[in-house]
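Structure record follows, encoded as structure tokens.
The values are calculated or read from the model by the stated rules, or taken from the named source; none is laboratory data. Please read these numbers as outputs of a predicted model, since none were measured by experiment. Virtual Cβ from ideal backbone geometry, glycine too; neighbours counted across all protein chains shown.
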Amino acid sequence: MIKLYDEMYLLNGVEMVPASEMALRYPQVQCTPQEAKKGTIAYSILASHNTSGQMDKLRLRFDAMASHDITFVGIIQTAKASGMDHFPMPYVLTNCHNTLCAVGGTINEDDHMFGLSAAHKYGGIYVPPHLAVIHQYMREMHAGCGKMILGSDSHTRYGALGTMAIGEGGGELVKQLLEDTYDINYPGVVAIYLDGKPQPYVGPQDIALAIIGAVFKNGFVKNKVMEFVGPGVASMTTDYRNGIDVMTTETTCLSSIWRTDEETRSFLKAHGREEDYRPLEPAPVAFYDACVYVDLSSVKPMIALPFHPSNTYEIDELNANLEDILAAVEKEAAKVAGGRASYTLLDKIQDGKLHVQQGIIAGCAGGNYSNVVEAANLLRGKSCGNGAFSLSVYPSSQPVFMNLTRQGYAADLMQAGAIVRSAFCGPCFGAGDTPGNNMLSIRHTTRNFPNREGSKPGNAQMAAVALMDARSIAATAANGGVLTSAEAYDGWGNVPEYTFDRTVYEHRVYNGFGHPTSEDLVYGPNIRDWPEMSRLTDNILLRVCSKIMDPVTTTDELIPSGETSSYRSNPLGLAEFTLSRRDPGYVERSKEVDRMEKARAAGKDPLSFAPALREVYDVIRSLPGMKKVSPEETEIGSVIYAVKPGDGSAREQAASCQRVIGGLANITHEYATKRYRSNVMNWGMLPFQMKDEPDFDVGDYIFVPSVRTALDGSLDHIPAYLVRAGRAEEIELYIAEMTEDEKRIVKAGCLINYNRERKGL
């Protein structure tokens with residue numbers, strides 16, 4: 001049972017009191033909501049990291065940062081171009097995404113060697129491929145009570161260890177490397193009140209999916225901090241808490257934090273870091289902007305059907321209504337495929353049971369020690385079968401793998417027919433264990449967005465993923481691939497104490513923090529510098545190059561994951577894939593606009609090389625006060641309209657790929673996440689929004705006069721003109737609040753330009 005409440009007081013960490021009832025029930029407690037907000041755990045941590053001197057406008061500095069091999073090259077290249085000469089904080093570079101070095105020749109290993117050379121040159125921490133997924137390494141070696149960590153991966157979440165962690169685009173990490181700050185308004189804080197105790201057959205993914213299903217679609221915790229409190233916290237091990245915590249990203253919250261206890265201390269002590277423990281509890285009187293009440297004992301084994309982690313059902317509910325529920329998913333699949341591929345689920349029902357073709361237990365969510373042990377315990381002496389169904393297990397780090405090996409659990413899994421692999425994030429974003437065409441994969445990973453399993457509808461190849469807990473995946477494996485709830489089996493909860501052995505890290509991880517060298521960076525042929533980008537002119541002309549009316553557009557649709565990740569160190573090479581699985585014609589349309597802008601920036605008359613613009617400018621000059629608008633002094637760029645873009649990954653390339661081929665703005669109804677909007681601004685694009693339905697189409701132009709002046713004034717109303725068919729009509733745009741630095745970055749054309757100007761480079 002999950003219930004949602006508005007404003008709530010928490011007394012002594014136990015009693016929930018609705019704000020509307022507080023004065024009546026406890027008249028002796030004289031504490032205003034504003035004062036009681038200071039009683040949250042989140043407030044104390046944010047206050048200790050804030051440098052602004054005012055809590056409503058935070059300017060945060062973090063204790064450590066983390067990136068993986070899809071993102072760290074671009075971040076370091078950007079920071080280097082901006083004048084960075086050392087890493088001012090522990091910066092961990094893991095190699096858990098482009099791990100396999102199997103696509104694109106040498107380019108993935110070239111990125112790894114670049115990362116190692118950067119760790120030497122700037123004083124970083126380098127974790128070689130196969131040693132650990134990014135978030136497990138940070139849990140084991142860096143997260144601690146009261147800390148803040150920033151990562152360039154959206155699932156940067158270490159709240160169960162008392163760390164407020166935030167996943168952001170690379171531009172925000174660059175700012176920290178340049179010893180600038182992360183600037184946000186003070187966020188709302190929502191209490192996640194855990195009560196009771198999970199059933200033995202219920203795992204952390206089940207709890208997480210139940211919460212996601214309750215809060216995602218209504219935006220209940222969007223851009224807020226989820227603070228886990230209540231007596232139910234004590235019913236879970238830290239490993240279990242970590243499994244819930246990492247999934248908070250799928251609610252679209254900003255960050256998470258948990259109350260800590262002796263169980264937290266034990267985890268840190270086992271990892272040789274007991275000094276990083278301190279108790280974190282809400283004050284005796286704490287006020288929360290909202291509350292999510294979770295009765296842990298009532299949560300059942302869950303499944304999130306394609307194509308989102310919020311598409312949740314109890315497994316028993318699904319099995320009782322297979323045809324109706326799966327028929328609805330098939331309709332959604334048809335929308336995703338857009339006529340380019342066929343995907344069916346009803347044909348996977350045999351004798352009234354759903355047969356799946358693949359199971360995966362992996363990564364920062366599924367590969368934790370206790371999840372794998374529970375799966376191995378169930379599968380001991382059983383068989384996954386020799387049919388279409390297969391099972392792969394990826395422990396989250398080599399220390400976890402070593403412990404599983406020494407205790408015999410890895411052998412138990414192998415004897416059952418499971419394949420045990422090294423630490424790798426690939427199955428979570430389509431670069432490992434891609435299922436066959438028209439197959440259904442069940443995974444204890446973080447996401448099941450379209451195409452994240454590796455399918456390509458444009459090539460008539462389509463599969464799909466449903467998210468489940470490792471326990472129910474093991475139950476399904478034991479049942480030959482027939483979808484089965486873990487509740488069907490007994491014997492859960494027999495998980496021996498974990499013994500952490502850091503020897504492999506001591507032997508293989510390079511830790512150069514505080515000791516930069518004079519070594520050169522090692523560049524492979526695919527590692528390219530960022531192309532130059534124009535400063536924002538006072539007037540701008542936008543050509544609509546894509547219009548997406550889907551309710552939500554994910555970052556995987558803006559720039560696909562999977563094999564394209566091999567080109568993440570080559571800005572122009574990667575940009576060729578922009579919107580390739582959603583609007584294949586976008587790239588050439590935007591590049592045509594970019595050619596116009598590059599010629600204009602080189603001093604050429606745009607009307608001479610783009611005659612079609614002559615009519616556009618004739619219309620613009622006929623507008624009141626626009627007679628002297630100069631094409632030579634008006635930046636030309638492409639624009640994407642999407643209803644709600646940016647759900648999902650923190651990858652900055654979702655924005656930078658638009659920018660390097662001519663993108664100058666997004667227009668949206670709303671942005672799905674703060675991090676995507678930040679990426680848009682850090683890459684010099686204007687984050688426009690509009691309240692009305694868009695009355696423009698691909699190929700139309702939008703003229704925005706005096707936009708630099710508009711950035712310095714009220715952003716609530718920004719006049720613009722839709723130009724088409726020889727006439728203009730006014731439309732109204734607006735921009736949500738921007739910081740002064742964000743305004744300067746957009747005016748400069750991108751974060752690199754802004755930083756170089758500041759440093760006189």
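Given the criteria more than 21 Å from Ser44 (Cβ to Cβ) and under 28 Å from the mean Cα position of the chain (by Cα), does Ile257 qualify? No; evaluated as a whole, the condition is false for this residue. In the set (1) in a loop (DSSP other than H, G, I, E, B); (2) under 26 Å from Cys425 (Cα atoms), Leu280 fails one condition alone, (2).
Scanning segment 412-428 turns up at least one residue that is surrounded by 23 or more Cβ atoms within 10 Å (Cβ to Cβ) and closer than 16 Å to Ala304 by Cβ. Look through segment 152-193, keep the residues that are among the charged types (D, E, K, R) and within 22 Å of Gly53 (Cα to Cα), and return whichever of them is surrounded by the most Cβ atoms within 10 Å (Cβ to Cβ). Within segment 152-193, the match that is surrounded by the most Cβ atoms within 10 Å (Cβ to Cβ) is Glu172. Quick check on segment 523-549: of everything there that is assigned to a loop (DSSP other than H, G, I, E, B) and touching a Lys or Arg at 6+ places or on another chain (Cβ under 8 Å), which residue is farthest from Val619 (Cα to Cα)? If we take residues in segment 523-549 being assigned to a loop (DSSP other than H, G, I, E, B) and touching a Lys or Arg at 6+ places or on another chain (Cβ under 8 Å), then Met533 is farthest from Val619 (Cα to Cα). Specify the residue that is farthest from Thr503 (Cα to Cα); the eligible residues are those in segment 344-398 that are part of a strand (DSSP E or B) and of a type in the set (A, V, I, L, M). Per the criteria, the residue is Ile349. If I filter segment 435-452 for residues that are charged (D, E, K, R), out of contact with any Phe, Trp or Tyr (no Cβ under 9 Å at 6 or more places or on another chain) and touching a residue at least 40 places away in the same chain (Cβ under 8 Å), do I get at least one hit? Checked segment 435-452: at least one residue is charged (D, E, K, R), out of contact with any Phe, Trp or Tyr (no Cβ under 9 Å at 6 or more places or on another chain) and touching a residue at least 40 places away in the same chain (Cβ under 8 Å). Within segment 311-340, the set of residues being assigned to a loop (DSSP other than H, G, I, E, B) and either among the basic types (Lys, Arg) or crowded, with 17+ Cβ neighbours inside 10 Å (or both) comprises Asn311, Arg340. Restrict the check to segment 12-20 and report whether at least one residue is farther than 20 Å from Glu179 by Cβ and under 25 Å from the mean Cα position of the chain (by Cα). No: segment 12-20 contains no residue that is farther than 20 Å from Glu179 by Cβ and under 25 Å from the mean Cα position of the chain (by Cα).
Could you identify the single residue in Ala486, Ala460, Ala475 that is over 22 Å from Ala320 (Cβ atoms) and in contact (Cβ under 8 Å) with a residue 40 or more places away in the chain? After ruling out the rest, the residue left standing is Ala460.
Within segment 384-401, the set of residues being of a type in the set (Phe, Trp, Tyr) and out of contact with any Cys (no Cβ under 9 Å at 6 or more places or on another chain) comprises Phe389, Phe401.
Per-residue answers, yes or no, for (1) in a loop (DSSP other than H, G, I, E, B); (2) without any contact (Cβ under 8 Å) to a residue 12 or more places away in the chain; (3) acidic (Asp, Glu):
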{"position": "Glu21", "(1), (2), (3)": "no, yes, yes"}
{"position": "Lys37", "(1), (2), (3)": "no, no, no"}
{"position": "Ala47", "(1), (2), (3)": "no, yes, no"}
{"position": "Gln54", "(1), (2), (3)": "yes, yes, no"}
{"position": "Ile70", "(1), (2), (3)": "yes, no, no"}
{"position": "Ile75", "(1), (2), (3)": "no, no, no"}
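Flag not set for Leu664, criterion: assigned by TED's automatic domain parsing to the domain that holds Arg543 and part of a loop (DSSP other than H, G, I, E, B). For segment 510-517, the criterion of being farther than 30 Å from Arg380 by Cα and part of a strand (DSSP E or B) is satisfied by at least one residue. Given the structure, is Tyr277 at pLDDT 95 or above and under 26 Å from the mean Cα position of the chain (by Cα)? Here the answer is no, as Tyr277 does not meet what is asked.
Yes/no matrix, rows are residues, columns are (1) under 27 Å from His271 (Cβ atoms); (2) in the same structural domain as Cys96 (by TED's automatic domain parsing); (3) assigned to a loop (DSSP other than H, G, I, E, B):
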site	(1), (2), (3)
Ser154	yes, yes, yes
Met164	yes, yes, no
Gly171	no, yes, no
Val174	no, yes, no
Gln199	no, no, yes
Ile212	no, no, no
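All of Glu275, Glu281, Glu227, Glu262 fail the test of being among the acidic types (Asp, Glu), crowded, with 23+ Cβ neighbours inside 10 Å and assigned by TED's automatic domain parsing to the domain that holds Leu11, apart from Glu227.
Evaluating Ile361 against the criteria (1) buried (at least 24 other Cβ atoms within 10 Å of the Cβ); (2) closer than 25 Å to Glu557 by Cβ leaves one unmet condition, (2).
For segment 214-262, a residue qualifies if it is of a type in the set (Val, Ile, Thr) and in a helix (DSSP H, G or I), and the qualifying residues are Val215, Val233, Thr238, Ile244, Val246, Thr248, Thr249, Thr251.
Considering each residue of segment 468-483, count those that are buried (at least 24 other Cβ atoms within 10 Å of the Cβ) and either under 14 Å from Gly367 (Cβ atoms) or not hydrophobic (A, V, I, L, M, F, W, C) (or both), and give that number. Qualifying residue count, segment 468-483: 8.
Among helices (runs of 4 or more DSSP H) entirely within segment 554-661, having at least 1 residues that are touching a Cys at 6+ places or on another chain (Cβ under 6 Å) and surrounded by 21 or more Cβ atoms within 10 Å (Cβ to Cβ) singles out 571-575, 586-601. State yes or no: is Ile41 surrounded by 12 or more Cβ atoms within 10 Å (Cβ to Cβ), in contact (Cβ under 8 Å) with a residue 24 or more places away in the chain, touching a Lys or Arg at 6+ places or on another chain (Cβ under 7 Å) and not hydroxyl-bearing (Ser, Thr, Tyr)? Yes: the conditions hold for Ile41. When Ala118, Ala143, Ala160 are checked against the criterion of being within 20 Å of the chain's Cα centre (by Cα) and in a helix (DSSP H, G or I), a single residue qualifies: Ala160.
Residues that are over 15 Å from Gly338 (Cβ atoms) and at pLDDT 90 or above within segment 450-463 comprise just one, Ala463.
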